[in-house]
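Following: one structure in structure tokens, then a few remarks.
The values are calculated or read from the model by the stated rules, or taken from the named source; none is laboratory data. Note that the structure is predicted; figures quoted are calculated from it, not measured. Here the Cβ positions follow ideal geometry from the backbone for every residue, glycine too, while neighbour counts run over all protein chains shown. Note: accessible area is taken over every heavy atom of the protein model, side chains too, but ligands, DNA and RNA are not part of it. Shrake-Rupley method; radii C 1.70, N 1.55, O 1.52, S 1.80 Å.
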Amino acid sequence: MTIYQALLLGRILLLGALAGLLFSLARSGVVSRHHRILIFAVLVGALASYPNFGVLHPNQSGYQPGHIHYYDAFHYFMGAKYLPELGYSRLYEATLVAGRELGAFGAINHVRDLTTYVPRPAATVTPDPIRSRFSRARWEMFKNDLAFFGPRIDAWPELLIDRGYNDPPPRALLMHLLVGRLPASALTLALLTSLDYLVMIAAAWTVWRAFGAVPAALALSFLALSFFARFDYIGGSLLRWDWIAALLAGAAALARGSGTTGGLLLGYAAAARVFPVLFLVPLAIKWAQARLGRRPEPMLAACLRTAFGFLFVLSVGLVAWTDQRPLVLDFLAKIRLHAQDPFVNSVGLGPILVFSSVPWSSTADGTVYVPAEAIAEARPAAYLLPLLSAGYLLAALPLILRARPLESMTFAVPLIFCALSLTGYYYSFLVLLLLLPWHESRARQVSVLEMALLCVIMACTYAFELASAEHLFYQASIQLGLFLILWTVFEYVRLGSRSRPPPLTMPPD
């Protein structure tokens, strides 16, 4: 057994322990002192497992073992620092030109054209138009930064046909202010990659205060063990966790009754990654329900007013800011292109529909891939996913109307699954399914059972990887889709039950 397989097995065992604890809680209905001890023991194990028990980046191509994920950090450092010169579409071409001036990349044959997403021959990249976008000093700075990343990334041919830098303009400009004058160095990257841990510690503290020790420990254990949130993908990169930290802290603020703070944090999450705006949809439905029932919800009103006001001000400011208007248009064109086709590391209903009907191929070294032409041919009709998403929202409407306002946000999870094809690591928001059902340190037993099933699903996904990494995210999409169907059925069973079981209780210490 390799180290990597041992790490996967460790996560499977920890998830099994977490699932077993949740099943036990659902059956007994009481969180005993014994349960508490075991829950916090699992939390310690989960936190140790997140950085792969200290191994960090084992057996990952494209960057050397160590804390910093240079492959991902390259995109978020260079893409943000040189945003004024490169926008969203010229990072790879500039990297190729600068690399060849430094005497490297002679074996690079293709780069991805980020305006079309089609790989183009490296020989067609003309240096002069790229250099003309930089001042002399900035071009030398770009080459110096590239010289730092160069020997630390082993997979340049793969990197230069990746999908580029995709931060939305508000966050991209914020990142540019942060890194625009910083040189790429070991110290700079060490400091910048530490910011994620600071924001997540702050978010965990707010969750602990708002929901209580046991709910927070269960949710944080799941987050650290989640197949989608693992260190392997974006651990050691630059501020990749700010949006999930804002989402968690925003939920905690709402749980404490602070609608304005919650709205501001949820608005930031949406500005940082766009798709979290869908978490506001159930809250808007609950607000409309309260208005129609003449039972005003001041907290909900404050949350929605702040979140949408924040996003509106940002949008108007970017459009009115003449210098940044081309950047906004560049982003909109790129993100539209990015959303057209799911990739092999995408998760959602769209990837299931596409990859269940395309031929899978493999290279001589065993790497599995799907031809881009096959993906384009298998793409569902443009109306299908919006129609299915609207159908889900209509089907979930009775559940949303009966849920508490904060818990209603959980019904945005299947909506995102139906509507969007997100890169797998964004599904770290599944942690909300373990956190939001808790209210005043209590949760319904059926909700705890659902949490246990989600842990089992995560363990099964790791087990598939342990057996074979082929078609991994496609399999993960199927398993997650099955869980979301079961989860919705359980919610309807609970809704239709005449005799409601008492909530899970926690006796005082």
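Quick check: net charge around V199, other residues with Cβ under 12 Å of its Cβ, Lys/Arg +1 and Asp/Glu -1?
My count for the surroundings of V199 gives -1.
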Amide H within-cut-off set for L504, under 5 Å, with H built and near neighbours excluded: A443, R444, Q445
Cα radius of gyration and Dmax for region 244-401 (Å): 19.9, 66
How much length is gained if the chain between R402 and S194 is pulled fully straight, taking 0.36 nm per residue apart and subtracting their Cα-Cα distance, in nm to one decimal? 70.8 nm
Between H110 and residues 5 or more places away or on another chain, the pairs with built amide H atoms under 5 Å apart involve A122
Figure the gain on full extension for S28 and L394 (residue separation times 0.36 nm, minus the Cα-Cα span) and round it to one decimal in nm. 128.3 nm
Hey, can you grab everything whose amide H is under 5 Å from the amide H of L422? Only 5+ residues off in sequence or another chain; H modelled, so Pro and N-termini drop out. V347
So, for region 359-486, what is the accessible surface per residue at a probe of 1.4 Å, expressed in square angstrom? 40
Find the eigenvalues of the gyration tensor of the Cα atoms of region 332-465, then list the square roots of 5 times those eigenvalues as equivalent ellipsoid semi-axes, largest first, in whole angstrom. 32, 20, 12
5 Å binning of all Cα-Cα separations within region 1-109, expressed as whole percents from 0 upward: 2, 10, 13, 13, 12, 9, 9, 10, 8, 6, 4, 3, 2, 0
Pull up the cross-link candidates among the aspartates and glutamates for K286, meaning alpha carbon to alpha carbon under 19 Å and not fewer than 8 places away within one chain. E297, E407, E491
Region 1-46: equivalent-ellipsoid semi-axes (sqrt of 5 x gyration tensor eigenvalues, Cα, Å): 26, 11, 5
With an 8 Å cut-off on Cα pairs and a minimum separation of 6 or more residues, tell me the relative contact order of region 158-240 in percent. 34
Mind listing the phi-derived Karplus ³J(HN,Hα) values for region 437-451, rounded to whole Hz, using 6.51, -1.76 and 1.60 with θ = phi - 60°, and x for any glycine or proline? x, 7, 9, 6, 6, 10, 8, 5, 4, 5, 5, 5, 4, 4, 4
Using +1 on the beta carbon of Lys and Arg, -1 on that of Asp and Glu, and nothing else charged, what's the dipole of the chain about the Cα centre, debye to 20? 1700
Report the dimensions of the chain along its three principal axes from the alpha-carbon atoms, largest first, rounded to Å. 73, 57, 46
Ranked highest first by the average count of other Cβ atoms within 10 Å around their residues, in what order do 128-138, 275-285, 22-32 fall? 275-285, 22-32, 128-138
Treat every Asp and Glu Cβ in region 101-168 as -1 and every Lys and Arg Cβ as +1, leave all other atoms uncharged, and give the resulting dipole magnitude about the Cα centre to the nearest 20 debye. 200
Computing the accessible area with a 1.4 Å probe over protein heavy atoms, can you report the carbon and sulfur percentage for the chain? 65
Here the averaged projected area of region 122-206, based on the convex hull of its alpha-carbon atoms and given in nm², is 7.9
What do you get for Rg/Rh of region 252-337 when both radii come from the Cα atoms and Rh is the Kirkwood radius? 1.08
Could you grab the relative contact order for the chain? Cα pairs under 8 Å, six or more apart, rounded to a whole percent. 21
Computed from the mean reciprocal separation of all distinct C-alpha pairs, what Kirkwood hydrodynamic radius does region 62-104 have, in Å? 11.4
What residues from region 206-230 fall in the zone where the backbone N is under 12 Å from a label point 7 Å along the Cα-to-C-beta line of S441? 209-216
What is the Rg over Rh value, at two decimals, for region 212-290, using alpha-carbon atoms and the Kirkwood definition of Rh? 1.01
By the Cα gyration tensor axes a ≥ b ≥ c (a/c under 1.5 gives rounded; else a/b larger than b/c gives prolate, otherwise oblate), the shape of region 154-302 is prolate
Per residue, how many Å² of accessible area does region 29-184 show with a 1.4 Å probe? 43
Helix-only mean residue ellipticity at 222 nm, the chain, DSSP H runs n ≥ 4 weighted -39,500 (n - 2.57), per residue, nearest 500. What is it? -20000 deg cm²/dmol
Reachable lysines, given that their alpha-carbon falls under 24 Å from the alpha-carbon of K81 and they are not under 8 places away in the same chain: K143, K334
When the Karplus curve 6.51 cos²θ - 1.76 cosθ + 1.60 is applied with θ = phi - 60°, which whole-Hz ³J(HN,Hα) does each residue of region 373-388 get, with x for Gly and Pro? 5, 5, 4, 4, 6, 8, 4, x, 4, 4, 7, 5, 5, x, 5, 5
